[in-house]
Amino acid sequence: MPRAGYQALAPETDNLSRLCLSSQPMTAGIVSSPPNTTILNWVTFHFRTQLCDDERTVIDDSKAVGTPMEIVIGNMFKLDIWETLLSSMRIGEVAEFWCDIVHTGVYPLVSKSMRRIAEGKDPVDWHIHTCGMANMFAYHSLGYEDLDELMKEPKPLYFVLELLKVQQPSEYDRESWALSDEERLKAVPVLHGQGNKLYKQGRYQEATQKYKEAIICIKNVQTKEKAWDVPWMKLEKMANTLTLNYCQCLLRMEEYYEVIEHTTDIINQHPGVVKAYYLRGKAHVEVWNEAEARQDFSRVLDLNPGMKKAVKKELAILNMRMEEKNEEDKLKYKGMF
(Lines give C-alpha, C1' and ligand atoms only; values in the text may rest on other atoms or scores of the structure.)
Protein backbone atom coordinates (compact mmCIF):
# COMPACT_ATOMS: atom_id res chain seq x y z
CA MET A 1 0.00 0.00 0.00
CA PRO A 2 1.43 3.42 -0.90
CA ARG A 3 2.25 5.60 2.01
CA ALA A 4 -0.24 8.42 2.64
CA GLY A 5 0.96 12.03 2.71
CA TYR A 6 -0.41 15.56 2.90
CA GLN A 7 -0.41 18.60 0.67
CA ALA A 8 -1.53 22.01 1.90
CA LEU A 9 -3.93 24.07 -0.22
CA ALA A 10 -5.15 27.61 0.24
CA PRO A 11 -7.53 27.90 3.19
CA GLU A 12 -11.11 28.87 2.33
CA THR A 13 -11.53 30.72 5.64
CA ASP A 14 -9.34 31.73 8.56
CA ASN A 15 -10.09 28.55 10.50
CA LEU A 16 -10.39 26.07 7.62
CA SER A 17 -7.21 24.58 6.20
CA ARG A 18 -7.77 22.62 3.02
CA LEU A 19 -5.45 19.62 3.08
CA CYS A 20 -5.23 17.02 0.37
CA LEU A 21 -4.49 13.41 1.24
CA SER A 22 -3.10 11.48 -1.72
CA SER A 23 -1.64 8.07 -2.27
CA GLN A 24 1.85 9.49 -2.86
CA PRO A 25 4.30 10.73 -0.19
CA MET A 26 4.13 14.50 0.28
CA THR A 27 5.29 17.01 2.85
CA ALA A 28 2.85 18.05 5.55
CA GLY A 29 1.57 21.55 5.04
CA ILE A 30 0.56 22.42 8.60
CA VAL A 31 2.20 25.60 9.84
CA SER A 32 2.18 25.35 13.63
CA SER A 33 2.98 22.32 15.79
CA PRO A 34 0.06 19.96 16.42
CA PRO A 35 -0.68 18.79 19.98
CA ASN A 36 1.19 15.79 21.35
CA THR A 37 -1.35 13.16 20.26
CA THR A 38 0.66 10.15 21.33
CA ILE A 39 -0.48 6.57 21.88
CA LEU A 40 -3.57 6.24 24.15
CA ASN A 41 -4.41 9.94 24.08
CA TRP A 42 -8.16 10.47 24.02
CA VAL A 43 -9.13 12.71 21.09
CA THR A 44 -12.51 14.47 20.87
CA PHE A 45 -13.57 15.91 17.52
CA HIS A 46 -16.45 16.68 15.20
CA PHE A 47 -16.55 15.22 11.71
CA ARG A 48 -18.53 15.56 8.52
CA THR A 49 -18.24 12.97 5.76
CA GLN A 50 -19.15 13.88 2.18
CA LEU A 51 -19.18 12.18 -1.19
CA CYS A 52 -16.99 13.58 -3.94
CA ASP A 53 -19.97 14.40 -6.16
CA ASP A 54 -21.18 17.76 -7.45
CA GLU A 55 -23.58 18.14 -4.51
CA ARG A 56 -20.94 17.11 -1.97
CA THR A 57 -23.61 14.84 -0.47
CA VAL A 58 -23.31 14.55 3.31
CA ILE A 59 -23.18 10.97 4.59
CA ASP A 60 -22.62 11.67 8.29
CA ASP A 61 -22.35 14.83 10.39
CA SER A 62 -21.61 14.62 14.11
CA LYS A 63 -22.68 18.23 14.65
CA ALA A 64 -26.11 17.46 13.20
CA VAL A 65 -26.39 14.56 15.65
CA GLY A 66 -25.15 16.79 18.45
CA THR A 67 -22.46 14.46 19.78
CA PRO A 68 -18.74 14.68 18.97
CA MET A 69 -16.69 11.61 18.15
CA GLU A 70 -14.11 10.22 20.59
CA ILE A 71 -11.27 7.81 19.83
CA VAL A 72 -8.10 6.69 21.57
CA ILE A 73 -5.01 7.18 19.41
CA GLY A 74 -3.14 3.95 18.72
CA ASN A 75 -5.97 1.68 19.87
CA MET A 76 -6.56 0.01 16.49
CA PHE A 77 -9.52 2.19 15.48
CA LYS A 78 -10.91 0.66 12.27
CA LEU A 79 -10.51 3.88 10.28
CA ASP A 80 -6.86 4.35 11.19
CA ILE A 81 -6.40 7.20 8.69
CA TRP A 82 -8.41 9.41 11.07
CA GLU A 83 -5.73 8.91 13.71
CA THR A 84 -3.12 10.12 11.21
CA LEU A 85 -5.18 13.14 10.20
CA LEU A 86 -6.07 14.16 13.75
CA SER A 87 -2.47 13.80 14.88
CA SER A 88 -1.55 16.44 12.30
CA MET A 89 -4.07 19.01 13.56
CA ARG A 90 -4.13 21.75 16.18
CA ILE A 91 -6.79 22.00 18.89
CA GLY A 92 -9.58 24.24 17.60
CA GLU A 93 -8.59 23.73 13.96
CA VAL A 94 -11.10 22.75 11.28
CA ALA A 95 -9.54 20.95 8.34
CA GLU A 96 -10.83 19.24 5.22
CA PHE A 97 -9.21 16.12 3.77
CA TRP A 98 -9.77 14.22 0.57
CA CYS A 99 -9.14 10.49 1.00
CA ASP A 100 -8.74 7.87 -1.69
CA ILE A 101 -10.60 4.55 -1.55
CA VAL A 102 -7.48 2.83 -0.20
CA HIS A 103 -8.29 4.64 3.06
CA THR A 104 -12.10 4.75 2.92
CA GLY A 105 -13.03 1.12 2.22
CA VAL A 106 -13.92 0.40 5.85
CA TYR A 107 -15.83 3.65 6.38
CA PRO A 108 -19.31 2.07 6.01
CA LEU A 109 -18.54 -0.28 8.93
CA VAL A 110 -17.31 2.60 11.08
CA SER A 111 -20.30 4.72 10.11
CA LYS A 112 -22.70 1.94 11.07
CA SER A 113 -21.20 1.75 14.57
CA MET A 114 -21.36 5.53 15.00
CA ARG A 115 -24.97 5.67 13.84
CA ARG A 116 -25.94 2.90 16.25
CA ILE A 117 -24.37 4.83 19.11
CA ALA A 118 -26.30 7.96 18.06
CA GLU A 119 -29.50 5.88 18.03
CA GLY A 120 -28.79 4.66 21.56
CA LYS A 121 -27.88 1.14 20.44
CA ASP A 122 -24.77 -0.97 21.00
CA PRO A 123 -21.97 -0.21 18.53
CA VAL A 124 -21.19 -3.92 18.41
CA ASP A 125 -23.81 -6.35 17.07
CA TRP A 126 -23.36 -9.02 19.71
CA HIS A 127 -26.90 -10.16 18.99
CA ILE A 128 -29.16 -9.84 15.96
CA HIS A 129 -32.92 -10.00 16.41
CA THR A 130 -34.19 -11.42 13.14
CA CYS A 131 -36.23 -14.40 12.11
CA GLY A 132 -37.35 -16.25 9.01
CA MET A 133 -36.24 -14.89 5.65
CA ALA A 134 -34.88 -11.72 7.22
CA ASN A 135 -32.22 -13.73 9.04
CA MET A 136 -30.86 -14.97 5.71
CA PHE A 137 -29.87 -11.46 4.71
CA ALA A 138 -28.96 -9.98 8.10
CA TYR A 139 -25.24 -10.47 7.60
CA HIS A 140 -25.27 -9.05 4.07
CA SER A 141 -26.65 -5.64 4.95
CA LEU A 142 -25.41 -2.92 7.26
CA GLY A 143 -28.96 -1.80 7.91
CA TYR A 144 -28.54 1.51 6.05
CA GLU A 145 -29.08 1.74 2.28
CA ASP A 146 -26.49 4.46 1.68
CA LEU A 147 -23.81 2.49 3.56
CA ASP A 148 -24.71 -0.70 1.70
CA GLU A 149 -24.13 1.14 -1.58
CA LEU A 150 -20.82 2.53 -0.34
CA MET A 151 -19.79 -0.94 0.83
CA LYS A 152 -20.53 -2.45 -2.58
CA GLU A 153 -18.76 0.35 -4.44
CA PRO A 154 -16.14 2.17 -2.30
CA LYS A 155 -15.56 5.80 -3.24
CA PRO A 156 -13.15 8.62 -2.33
CA LEU A 157 -14.52 10.75 0.50
CA TYR A 158 -14.09 14.20 1.96
CA PHE A 159 -13.63 14.38 5.74
CA VAL A 160 -14.08 17.72 7.49
CA LEU A 161 -12.58 17.36 10.97
CA GLU A 162 -12.67 19.79 13.89
CA LEU A 163 -10.29 18.90 16.72
CA LEU A 164 -11.92 19.85 20.02
CA LYS A 165 -9.85 18.28 22.77
CA VAL A 166 -6.86 16.00 23.44
CA GLN A 167 -6.54 14.23 26.81
CA GLN A 168 -3.61 12.30 28.26
CA PRO A 169 -4.28 8.74 29.60
CA SER A 170 -4.12 10.07 33.17
CA GLU A 171 -6.94 12.54 32.42
CA TYR A 172 -9.70 10.09 31.56
CA ASP A 173 -11.21 6.78 32.67
CA ARG A 174 -10.71 4.17 29.98
CA GLU A 175 -13.91 2.34 29.08
CA SER A 176 -13.92 -1.23 27.77
CA TRP A 177 -13.93 -0.17 24.13
CA ALA A 178 -10.70 1.77 24.70
CA LEU A 179 -8.80 -1.26 26.00
CA SER A 180 -6.35 -3.44 24.11
CA ASP A 181 -7.40 -7.02 23.31
CA GLU A 182 -5.26 -8.34 26.16
CA GLU A 183 -6.84 -5.86 28.57
CA ARG A 184 -10.32 -6.76 27.33
CA LEU A 185 -9.79 -10.46 28.00
CA LYS A 186 -8.45 -9.69 31.46
CA ALA A 187 -11.49 -7.50 32.15
CA VAL A 188 -14.03 -10.22 31.22
CA PRO A 189 -13.74 -12.40 34.38
CA VAL A 190 -13.74 -9.28 36.54
CA LEU A 191 -16.93 -7.98 34.92
CA HIS A 192 -18.43 -11.48 35.07
CA GLY A 193 -17.77 -11.67 38.80
CA GLN A 194 -19.17 -8.19 39.39
CA GLY A 195 -22.31 -9.14 37.47
CA ASN A 196 -22.77 -12.31 39.51
CA LYS A 197 -22.39 -10.40 42.77
CA LEU A 198 -24.94 -7.78 41.70
CA TYR A 199 -27.35 -10.53 40.62
CA LYS A 200 -27.15 -12.20 44.05
CA GLN A 201 -27.87 -8.81 45.62
CA GLY A 202 -30.99 -8.45 43.48
CA ARG A 203 -29.52 -5.51 41.54
CA TYR A 204 -30.49 -6.95 38.19
CA GLN A 205 -30.30 -3.80 36.06
CA GLU A 206 -26.75 -3.11 37.23
CA ALA A 207 -25.81 -6.75 36.69
CA THR A 208 -27.00 -6.60 33.07
CA GLN A 209 -24.63 -3.70 32.43
CA LYS A 210 -21.65 -5.71 33.71
CA TYR A 211 -22.57 -8.77 31.66
CA LYS A 212 -23.20 -6.60 28.61
CA GLU A 213 -19.84 -4.86 28.91
CA ALA A 214 -18.08 -8.22 29.23
CA ILE A 215 -19.88 -9.53 26.13
CA ILE A 216 -18.82 -6.48 24.12
CA CYS A 217 -15.20 -7.00 25.23
CA ILE A 218 -15.34 -10.58 23.97
CA LYS A 219 -17.03 -9.72 20.68
CA ASN A 220 -14.46 -7.00 19.96
CA VAL A 221 -11.68 -9.58 20.30
CA GLN A 222 -13.65 -12.28 18.48
CA THR A 223 -14.00 -10.19 15.30
CA LYS A 224 -10.26 -10.60 14.75
CA GLU A 225 -10.46 -14.42 14.81
CA LYS A 226 -11.58 -16.70 11.98
CA ALA A 227 -15.16 -17.84 12.52
CA TRP A 228 -15.53 -21.37 13.93
CA ASP A 229 -11.80 -21.84 14.51
CA VAL A 230 -10.77 -22.97 18.03
CA PRO A 231 -9.92 -19.44 19.37
CA TRP A 232 -13.20 -18.09 17.95
CA MET A 233 -15.22 -20.95 19.49
CA LYS A 234 -13.57 -20.46 22.86
CA LEU A 235 -14.64 -16.81 22.84
CA GLU A 236 -18.11 -17.77 21.57
CA LYS A 237 -18.60 -20.11 24.53
CA MET A 238 -17.59 -17.33 26.93
CA ALA A 239 -19.99 -14.90 25.25
CA ASN A 240 -22.88 -17.39 25.38
CA THR A 241 -22.34 -17.99 29.10
CA LEU A 242 -22.50 -14.25 29.76
CA THR A 243 -25.51 -13.80 27.48
CA LEU A 244 -27.41 -16.48 29.41
CA ASN A 245 -26.52 -14.77 32.70
CA TYR A 246 -27.82 -11.57 31.12
CA CYS A 247 -31.04 -13.42 30.27
CA GLN A 248 -31.44 -14.57 33.86
CA CYS A 249 -31.45 -10.91 34.88
CA LEU A 250 -33.99 -10.12 32.18
CA LEU A 251 -36.27 -12.86 33.53
CA ARG A 252 -36.17 -11.20 36.94
CA MET A 253 -36.90 -7.87 35.27
CA GLU A 254 -39.88 -9.45 33.44
CA GLU A 255 -38.38 -8.76 30.01
CA TYR A 256 -39.64 -12.09 28.71
CA TYR A 257 -39.73 -11.42 24.98
CA GLU A 258 -36.15 -10.18 25.02
CA VAL A 259 -35.12 -13.39 26.79
CA ILE A 260 -36.82 -15.39 24.03
CA GLU A 261 -34.94 -13.41 21.36
CA HIS A 262 -31.49 -13.77 22.96
CA THR A 263 -31.85 -17.47 23.74
CA THR A 264 -33.21 -18.18 20.27
CA ASP A 265 -30.12 -16.51 18.78
CA ILE A 266 -27.92 -18.89 20.77
CA ILE A 267 -30.02 -21.96 19.96
CA ASN A 268 -29.95 -21.18 16.23
CA GLN A 269 -26.14 -21.12 16.30
CA HIS A 270 -25.53 -23.73 19.01
CA PRO A 271 -28.51 -26.12 19.33
CA GLY A 272 -26.92 -28.10 22.16
CA VAL A 273 -26.88 -25.37 24.82
CA VAL A 274 -29.21 -26.74 27.52
CA LYS A 275 -29.47 -23.55 29.56
CA ALA A 276 -30.69 -21.61 26.51
CA TYR A 277 -33.68 -23.97 26.12
CA TYR A 278 -34.34 -23.88 29.86
CA LEU A 279 -34.40 -20.08 30.10
CA ARG A 280 -36.42 -19.75 26.91
CA GLY A 281 -38.91 -22.26 28.28
CA LYS A 282 -39.26 -20.21 31.48
CA ALA A 283 -39.87 -17.08 29.40
CA HIS A 284 -42.49 -18.86 27.28
CA VAL A 285 -44.28 -19.88 30.49
CA GLU A 286 -44.59 -16.25 31.57
CA VAL A 287 -46.18 -15.16 28.27
CA TRP A 288 -48.52 -18.18 28.09
CA ASN A 289 -46.79 -19.84 25.12
CA GLU A 290 -47.74 -23.29 26.35
CA ALA A 291 -46.73 -25.39 23.35
CA GLU A 292 -43.38 -23.63 22.98
CA ALA A 293 -42.62 -23.97 26.69
CA ARG A 294 -43.39 -27.70 26.72
CA GLN A 295 -41.24 -28.18 23.62
CA ASP A 296 -38.28 -26.37 25.20
CA PHE A 297 -38.50 -28.29 28.48
CA SER A 298 -38.74 -31.56 26.54
CA ARG A 299 -35.55 -30.60 24.73
CA VAL A 300 -33.88 -29.84 28.07
CA LEU A 301 -34.60 -33.40 29.24
CA ASP A 302 -33.32 -34.84 25.95
CA LEU A 303 -30.02 -33.03 26.40
CA ASN A 304 -29.72 -33.42 30.19
CA PRO A 305 -31.99 -35.98 31.92
CA GLY A 306 -30.46 -34.90 35.22
CA MET A 307 -32.62 -31.76 35.08
CA LYS A 308 -35.82 -33.80 35.48
CA LYS A 309 -36.62 -32.30 38.91
CA ALA A 310 -36.14 -28.70 37.72
CA VAL A 311 -38.23 -29.31 34.59
CA LYS A 312 -41.02 -30.94 36.64
CA LYS A 313 -41.16 -27.81 38.79
CA GLU A 314 -41.35 -25.54 35.73
CA LEU A 315 -44.09 -27.65 34.15
CA ALA A 316 -46.11 -27.36 37.38
CA ILE A 317 -45.74 -23.57 37.17
CA LEU A 318 -46.81 -23.73 33.50
CA ASN A 319 -49.96 -25.68 34.38
CA MET A 320 -50.80 -23.17 37.09
CA ARG A 321 -50.20 -20.21 34.74
CA MET A 322 -52.42 -21.72 32.05
CA GLU A 323 -55.23 -22.36 34.55
CA GLU A 324 -54.99 -18.73 35.67
CA LYS A 325 -55.07 -17.60 32.04
CA ASN A 326 -58.13 -19.72 31.27
CA GLU A 327 -59.98 -18.32 34.30
CA GLU A 328 -59.08 -14.76 33.25
CA ASP A 329 -60.33 -15.44 29.73
CA LYS A 330 -63.63 -16.85 31.05
CA LEU A 331 -64.23 -13.74 33.15
CA LYS A 332 -63.22 -11.45 30.31
CA TYR A 333 -65.63 -12.97 27.81
CA LYS A 334 -68.43 -13.83 30.26
CA GLY A 335 -70.35 -10.63 29.73
CA MET A 336 -69.82 -10.55 25.97
CA PHE A 337 -72.28 -13.34 25.10
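Measure off 7 Å from each Cα along the Cα-to-Cβ vector at Asp61 and Lys224, then give the distance between these two points in nanometres to one decimal. It is 3.6 nm. Restricting the GluC sites (Glu not before Pro) of the stretch 228-325 to loop positions (DSSP other than H, G, I, E, B) with no more than 14 neighbouring Cβ atoms within 10 Å leaves Glu254. Bridgeable lysines around Lys309 (alpha carbons under 19 Å apart, same-chain partners fewer than 8 residues away excluded): Lys275, Lys282. Overall shape of the stretch 196-336 was characterised from the C-alpha gyration tensor. The equivalent ellipsoid obtained from it has semi-axes of 32, 18, 13 Å, in decreasing order.
Of the listed residues Trp232, Trp288, the order by accessible area with a 1.4 Å probe, largest first, is Trp288, Trp232.
Measuring between alpha carbons in the structure, the pairs from Lys212/Lys234; Lys155/Lys224; Lys210/Lys308; Lys112/Lys155 lying more than 27 angstrom apart are Lys210/Lys308. Listed by chain and number, the lysines whose alpha-carbon sits under 20 Å from that of Lys165, ignoring those within fewer than 8 places in the same chain, are Lys63. Here's the thing: no aspartates and glutamates lie within a cross-link span of Lys330, going by alpha-carbon distance under 17 Å and ignoring same-chain residues fewer than 8 apart.
The values are calculated or read from the model by the stated rules, or taken from the named source; none is laboratory data. These numbers were taken from a predicted model, which means no experiment stands behind them. Heads up, the Cβs are rebuilt from the backbone with ideal geometry, glycines too, and the neighbour counts pull from every protein chain shown. Surface accessibility is based on the protein's heavy atoms, side chains included, excluding ligands, DNA and RNA. Shrake-Rupley method; radii C 1.70, N 1.55, O 1.52, S 1.80 Å.
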